[in-house]
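Peer 1: Mind having a look at this structure? Questions to follow.
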Amino acid sequence: MPELILKPGKERSLFRRHPWIFEGSVARLNGRARPGDTVDVIDADGRRLARAAWSPKSQIRARVWSFDPDAIIDDAFFKRRVAEAVARRQAMPQLAGQDGMRLIHGESDGLPGVIADRYGDTICLQLTAAGPDKWRNAIVGALVKATEVFGVVRIYERSDSDVRGLEGLEPVTGWAYGEAPESSLSIDENGVRLGVDVVGGHKTGFYLDQRDNRLLTRDLAAGKRVLNCFCYTGGFSLQALAGSAAHVLSIDSSGPALAGARANLAMNPQLDPARAEWQEADVFEALRVFRKEERRFDLIILDPPKFAPSAAHADRAARAYKDINLLAFRLLNPGGYLLTYSCSGGIGLELFQKIVAGAAVDAGRDARILRRLSAGPDHPVALHFPEGEYLKGLLVQAD
Ligand code: SAH
């Protein structure tokens, strides 16, 4: 087996079980390895520490499959890891009754570069690194087997995320198992039916990570005038309607996303369409217009796209977060709630809270945090992999 030799001192992160080995930690590779091949990870003193997948083009030069230096990385390995990840979800009482859930959350499930989301009888699989690409067939086979209990009959591969470019990998999309469904896919999220477009939607088709936070919105919404910014297909909007909001104005810059949102509302005859208003606009501009018009809301949701994919973008991203949060505070009625999120890996919770605090000060509002929010339990964060905690949110109430 090819050997990845670490520079002196670079074994420390591995002792903390962090699965990434950066370019700058690698002294050399003994032997030949193609992208995705398994390599032995050996420190400068010759100690064998782990087995990892080789990514020659990426700054993350290798991702650890196992910290057991004798682990055999083969089809059976993936069968076990996938089965364990699925079994963990099955055992989570918080997920009982859900038919939309993340089954594999990459590093935090011991499978770096693998994302698998279940939407009813369909799985959408996303592979983002050379290692999982090499083991694609094993992973697909393992998923088919492990999800028989859920009645899964097809897997769509949606390996087209930008990060594949950093690995030198081409996008791969298509049905990896089974055939395209005859009717469109949807899930039941806490009593609301939501369509999911695994082929053309964002990411794997839907933002499952906000499930619990959408439910919180429902609990807060009764009688409120709600503004849902960056609404995508209306997940938060529909839960607000389900919670008897007086009116819900939802904004997104994407026409197809809004078309999906309207279709979702139509699938839920229990919700009153007269209380819903959809606007195709840039949120930054729309909020400024609302301010001039002196419009006010009781509950504002800010769930923007990733402004800072990495720490390198943190400064510009911080300004963008500050800007929208400042505008939101100015549009909030006294006692109003702000549900504000960041899914940027490059912005930590502490920094995000500082940004929101700064926005409140600049808006001349006193406000307090009622709850800190994160993704649901199907997006676990391994203790040794804090990067897994990309989504953070605050429920804030302004005076
Ligand atoms: N809250 C959604 C997910 C939001 S994803 C949910 O629960 O499903 C972020 C959304 O922001 C995307 O739909 C994208 O189209 C939209 N978006 C990105 N930049 C925008 C902008 N400047 N103004 C309005 N919408 C924007």
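The values are calculated or read from the model by the stated rules, or taken from the named source; none is laboratory data. Bear in mind that the values here come from a model prediction, so they are computed numbers and not experimental data. Here Cβ is always computed from backbone atoms with ideal geometry, including for glycine, and neighbour counts include all displayed protein chains. What goes into the accessible areas is simple: the full protein's heavy atoms, side chains included, and nothing from ligands, DNA or RNA. Shrake-Rupley method; radii C 1.70, N 1.55, O 1.52, S 1.80 Å.
Peer 1: Angle, helix 136-146 long axis vs. longest principal axis of the chain, Cα atoms, 0 to 90°, nearest 10?
Peer 2: The helix 136-146 is inclined about 60 degrees to the chain.
Peer 1: Right, next: So with the 1.4 Å probe, I'd like the accessible area per residue for the range 3-66, rounded to whole Å².
Peer 2: 51
Peer 1: Then there is this: Looking at the chain, send over the antiparallel percent of its DSSP beta bridges, to the nearest 5.
Peer 2: Details: 50 of 76 bridges.
Rounded to the nearest five, the antiparallel share is 65 percent.
Peer 1: With a/c under 1.5 counting as rounded, go ahead and sort the range 267-316 into rounded, prolate or oblate using the C-alpha gyration tensor (a ≥ b ≥ c being the square roots of the eigenvalues; past the cut-off, prolate if a/b is larger than b/c, else oblate). Display every interim value, and only then the final one.
Peer 2: Numbers: a/c = 2.95, a/b = 1.57, b/c = 1.88.
Since a/c reaches 1.5 but b/c is at least a/b, the shape of the range 267-316 is classed as oblate.
Peer 1: When the scattering of the range 207-398 is computed by the Debye formula from its Cα atoms alone, each counted once and equally, what is log10 I(q)/I(0) at q = 0.08, 0.15, 0.18 Å⁻¹?
Peer 2: These q points yield log10 I(q)/I(0) values of -0.24, -0.87, -1.26.
Peer 1: Give the Rg/Rh ratio for the chain, taking Rg as the radius of gyration of the Cα atoms and Rh as the Kirkwood radius, to two decimals. Present the calculation step by step, with values, prior to reporting the outcome.
Peer 2: On the way: Rg = 22.3 Å, Rh = 22.3 Å.
When Rh is taken as the Kirkwood radius, the ratio is 1.00.
Peer 1: Once you've got the Cα coordinates, tell me which of Lys224/Lys392; Lys322/Lys392; Lys79/Lys134; Lys57/Lys306 are over 21 Å apart. It would help to have the intermediate numbers written out before the result.
Peer 2: Working: Lys224/Lys392 24 Å; Lys322/Lys392 15 Å; Lys79/Lys134 15 Å; Lys57/Lys306 24 Å.
Check vs 21 Å cut-off fails for Lys224/Lys392; Lys57/Lys306.
Peer 1: For the range 207-398, what is the accessible area per residue in Å² when the probe is 1.4 Å?
Peer 2: On the way: 8040 Å² over 192 residues.
Per residue, the range 207-398 has 42 Å² of solvent-accessible surface.
Peer 1: Follow-up. Treating the Cα atoms of the range 320-399 as identical point scatterers in vacuum, please give the log10 of the normalised Debye intensity I(q)/I(0) at q = 0.14, 0.21, 0.25, 0.27 Å⁻¹, two decimals.
Peer 2: -0.46, -0.89, -1.15, -1.29
Peer 1: A follow-up question, please. Give me the percent of the accessible area of the range 215-355 that comes from carbon and sulfur atoms, probe 1.4 Å, all protein chains in place. The partial results should precede the final answer.
Peer 2: Details: 2960 of 5900 Å².
Answer for the range 215-355 is 50 percent, counting heavy atoms of protein chains only.
Peer 1: For Ile347, Ile60, what's the largest-to-smallest order of accessible area, 1.4 Å probe? Could you put the intermediate results ahead of the total?
Peer 2: On the way: Ile347 0, Ile60 25 Å².
Highest to lowest solvent-accessible surface, that is Ile60, Ile347.
Peer 1: Round to a whole number: what % of the accessible area of the range 75-186 belongs to carbon and sulfur, probe 1.4 Å? Walk me through the numbers on the way to the answer.
Peer 2: Details: 2270 of 4660 Å².
It is 49 percent, rounded to a whole number.
Peer 1: What share of Cα pairs, in percent, lie more than 29 angstrom apart in the range 160-314?
Peer 2: Values: 2852 of 11935 pairs.
So the pairs more than 29 Å apart make up 24 percent of the total in the range 160-314.
Peer 1: Given a 1.4 angstrom probe, I'd like the percentage of the accessible area of the range 3-66 that is carbon and sulfur, rounded to a whole number. Spell out each step's value before the answer.
Peer 2: Values: 1470 of 3240 Å².
The value for the range 3-66 is 45 percent carbon and sulfur by accessible area.
Peer 1: Over the Cα atoms of the range 273-371, compute the convex hull volume and normalise it per residue, giving Å³. Mind dumping the intermediate values first?
Peer 2: Working: hull volume 11.9 nm³, N = 99.
Cα-based convex hull of the range 273-371, divided per residue, equals 120 Å³.
Peer 1: Residues with amide H under 5 Å of Arg158's amide H, sequence separation 5 or more or different chain, H placed in the peptide plane at 1.01 Å from N; which?
Peer 2: The answer is Leu125, Gln126, Leu127.
Peer 1: Order of 138-151, 260-273, 226-239 by packing, highest average Cβ count within 10 Å first?
Peer 2: On the way: 138-151: 18.8, 260-273: 16.9, 226-239: 27.4.
Highest to lowest by the protection proxy: 226-239, 138-151, 260-273.
Peer 1: If you don't mind, another one. Taking N as the number of residues in the range 162-248, what is its Cα Rg relative to 2.2 N^0.38 Å?
Peer 2: On the way: Rg = 16.4 Å, N = 87, 2.2 N^0.38 = 12.0 Å.
Taking N as the residue count of the range 162-248, the ratio is 1.37.
Peer 1: Helix-derived [θ] at 222 nm for the chain: sum -39500 (n - 2.57) over DSSP H runs of at least 4, divide by residue count, nearest 500? Let's see the in-between values first.
Peer 2: Numbers: 11 runs with 112 residues, N = 399.
Helix contribution divided over all residues of the chain: -8500 deg cm²/dmol.
Peer 1: Still on this structure, I have one more. For the chain, modelled as a GNM with alpha-carbon contacts under 10 angstrom, which of Asp197, Asp109, Asp68 fluctuates the most?
Peer 2: Checking each option, the largest mean-square fluctuation is seen for Asp68.
Peer 1: In terms of the Cα gyration tensor, with a ≥ b ≥ c the square roots of its eigenvalues, is the range 1-157 rounded because a/c is under 1.5, prolate because a/b exceeds b/c, or oblate?
Peer 2: Prolate is the answer for the range 1-157, as a/c is 1.5 or above and a/b outweighs b/c.
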